[in-house]
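What follows is a set of notes on a single structure, which appears directly below.
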Amino acid sequence: MNDRTINRRGMFGRLAAVPLAVGVAASAQGGQKRGAPAAAPPAGKRTFAPPLSGRETVRRRYFPDVELVTSEGDKVRFYDDLIKDKIVILNLMYAKCDGVCPITTSNLKAVRKILSRDVDHDIFIYSMTVKPEQDSPAALKDYARVHGVSDPRWLFLTGKPADVDLLRHKLGFADRDPVVDRDKTRHSGMLRYGNEPTAIWGTCQGSAEPEWIAEEIAFAIPRQFKRHPRVND
């Protein structure tokens with residue numbers, strides 16, 4: 001097992017990140033429809049089958065459908081509008097950040113270009129502020145303009161502080177040390193990426209080389225959508 005495999009499949013446990021494992025995909029694809037009750041076991045038989053599909057289990061546990069606001073001022077629901085049925089990349093940032101945020105934004109621009117060349121499928125990027133009290137939609141719009149981001153598939157998001165904080169914790173972006181977590185300048189530099197329909201999720205470092213990030217994200221992309229031999233499965 002190489003370092004990249006360890007990164008994408010083992011890092012969630014080490015970083016208290018979203019433990020959305022590849023193994024969930026099988027039940028997500030082959031299980032019953034969302035919300036359908038599990039079939040009753042035969043009389044006298046015990047069963048350990050989950051009552052929900054893997055996809056639905058992941059949705060309920062990690063994707064609260066809170067309302068967010070885009071840099072254009074549009075209101076969106078986190079799960080229904082942004083995550084459901086999509087392949088996505090998630091990261092944290094704030095408008096006046098002079099640390100990892102510009103580096104990650106620049107890398108994501110390069111990653112977007114690589115994936116647009118290598119993948120015949122829409123990939124959505126969502127950059128969520130860790131300082132919603134300060135980052136209005138206008139501030140995020142200005143950040144996107146300064147960094148040359150103009151793509152309808154890449155949204156910069158803010159919202160109510162309590163909702164943003166809930167998402168940070170649910171997605172595994174919060175630090176276990178409450179002192180560190182309160183200092184938003186030390187926010188996570190990790191990326192979460194995933195294929196929501198198949199419940200395949202992973203994580204990688206946002207300051208890594210863009211080519212490597214793109215290969216990691218390609219892990220969550222179905223084979224039929226890949227069109228360049230350089231991208232490894």
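Select from region 174-207 the residues that are β-branched (Val, Ile, Thr) and touching a residue at least 24 places away in the same chain (Cβ under 8 Å) and write down the one among them that is farthest from THR57 (Cα to Cα). Working first, answer last.
Going residue by residue through region 174-207, those that are β-branched (Val, Ile, Thr) are 179-180, 185, 198, 200, 203.
When the remaining residues are screened for being touching a residue at least 24 places away in the same chain (Cβ under 8 Å), the result is 185, 198, 200, 203.
Details: THR185: 32, THR198: 12, ILE200: 13, THR203: 19 Å.
Per the stated criteria, the residue is THR185.
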Across (1) under 29 Å from GLU133 (Cβ atoms); (2) surrounded by fewer than 16 Cβ atoms within 10 Å (Cβ to Cβ); (3) within 15 Å of the chain's Cα centre (by Cα), PRO197 clears everything bar (1)
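Taking SER127 as the residue in question, decide whether it is hydroxyl-bearing (Ser, Thr, Tyr), assigned to a loop (DSSP other than H, G, I, E, B) and surrounded by 18 or more Cβ atoms within 10 Å (Cβ to Cβ). Quick ask: steps written out before the conclusion?
Working: hydroxyl-bearing (Ser, Thr, Tyr): yes; assigned to a loop (DSSP other than H, G, I, E, B): no; surrounded by 18 or more Cβ atoms within 10 Å (Cβ to Cβ): yes.
Here the answer is no, as SER127 does not meet what is asked.
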With criteria (1) surrounded by 22 or more Cβ atoms within 10 Å (Cβ to Cβ); (2) outside any helix (DSSP H, G or I); (3) under 17 Å from the mean Cα position of the chain (by Cα); (4) not aromatic (Phe, Trp, Tyr), ASP135 comes up short on (3)
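Would you be able to tell me the number of residues in region 172-183 that are buried (at least 16 other Cβ atoms within 10 Å of the Cβ), out of contact with any strand residue (DSSP E or B) (no Cβ under 6 Å at 6 or more places or on another chain) and under 17 Å from PRO132 (Cα atoms)? Break it down stepwise before answering.
Going residue by residue through region 172-183, those that are buried (at least 16 other Cβ atoms within 10 Å of the Cβ) are 172-175, 181.
Filter again for out of contact with any strand residue (DSSP E or B) (no Cβ under 6 Å at 6 or more places or on another chain), leaving 172, 174-175, 181.
In the following step, the residues that additionally are under 17 Å from PRO132 (Cα atoms) were identified as 174, 181.
Looking only at that region, the number is 2.
Can you pull out every residue in region 154-170 that is assigned to a strand (DSSP E or B) and β-branched (Val, Ile, Thr)? If you could, list the steps in order and put the result at the bottom.
First, the residues of region 154-170 that are assigned to a strand (DSSP E or B): 154-159.
THR158 - this is the single residue of region 154-170 that is assigned to a strand (DSSP E or B) and β-branched (Val, Ile, Thr).
Based on what the data block shows, is ARG145 loosely packed, with under 15 Cβ neighbours inside 10 Å and either at pLDDT 90 or above or closer than 15 Å to THR129 by Cα (or both)? Even if it seems obvious, please write down each step before you answer.
Numbers: loosely packed, with under 15 Cβ neighbours inside 10 Å: yes; either at pLDDT 90 or above or closer than 15 Å to THR129 by Cα (or both): yes.
Here the answer is yes, as ARG145 does meet what is asked.
The values are calculated or read from the model by the stated rules, or taken from the named source; none is laboratory data. Keep in mind that what you see is a predicted model, and the values were worked out from it rather than measured. Backbone-built Cβ (ideal geometry, glycine too); neighbour counts: all protein chains shown.
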